[in-house]
Amino acid sequence: MSDSNGGNGLAWFLAGLGIGAIAGVLYAPRAGSETREALRSKADEGREFVRSRARQAREQAEDWVDRGKEVLTQQKEQFRSAFEAGRQAYHETTAAEGGAKNL
């Protein structure tokens, strides 16, 4: 397999694994009601797993957004400080040279 379709191959593997698990449960020597209950239970477990992973992904995304906002705020403050320092240096230089135009 090439690296370019590795994610796609993993998805097909997981799909095959799920189908195989379902087929195994369906052909297991149990009564129909037991099999349906087992399938229902596994579906509930899968649903809870997906919800849990989605919640984790959402929390991680929120953390990244918060960190991004913090970094942006820091960058703004650094830019503002650098701008003010440059402005002050310009004013000091122009005042020392004899009163050139002020910004």
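In nm, give the distance between the simple-model label positions of residue 65 and residue 83, each being 7 Å from the Cα along the Cα-to-Cβ direction.
Taking the two extended label points, one gets 2.6 nm.
Students sometimes get this wrong: rank 39, 10 by accessible area, probe 1.4 Å, all chains present, largest first.
From most accessible down to least: 10, 39.
May I ask for the angle, rounded to the nearest 10°, between helix 32-96 and the longest principal axis of the chain, with both axes built from Cα atoms and the value confined to 0 to 90°?
With both axes taken from Cα atoms, the answer is about 10 degrees.
Over the chain, average the accessible area per residue using a 1.4 Å probe and give it in Å², no decimals.
Using a 1.4 Å probe on heavy atoms only, each residue of the chain averages 87 Å².
With springs only between Cα atoms under 10 Å apart, run a GNM on the chain and tell me which of 32, 68, 86 wobbles the most.
86
Please report the net charge: other residues with Cβ closer than 12 Å to the Cβ of residue 48, K and R +1, D and E -1.
+3
For log10 I(q)/I(0) by the Debye sum over Cα atoms at q = 0.12, 0.19 Å⁻¹, pick the label among (i) -0.36, -0.88; (ii) -0.73, -1.04; (iii) -0.55, -0.92 that corresponds to the value derived from the coordinates.
(ii)
Give me the percent of accessible area attributable to carbon and sulfur for the range 15-103, probe 1.4 angstrom.
So the carbon and sulfur contribution to the accessible surface is 57 percent.
Is it possible to state the helix-based mean residue ellipticity at 222 nm for the chain, with each DSSP H run of 4+ residues giving -39500 (n - 2.57), the sum divided by total residues, to the nearest 500 deg cm²/dmol? What is it?
The helix contribution divided over the chain gives -31000 deg cm²/dmol.
Using alpha carbons only, how many degrees (0 to 90, rounded to 10) separate the axis of helix 6-26 from the longest principal axis of the chain?
The two axes meet at around 30 degrees.
The values are calculated or read from the model by the stated rules, or taken from the named source; none is laboratory data. None of these values were measured; they are calculated from a predicted model. When we count neighbours, we look across all protein chains shown, and the Cβ atoms used for this are built from the backbone with ideal geometry, even at glycine. Surface areas here come from the heavy atoms of the whole protein model, side chains and all, with no ligands, DNA or RNA. Shrake-Rupley method; radii C 1.70, N 1.55, O 1.52, S 1.80 Å.
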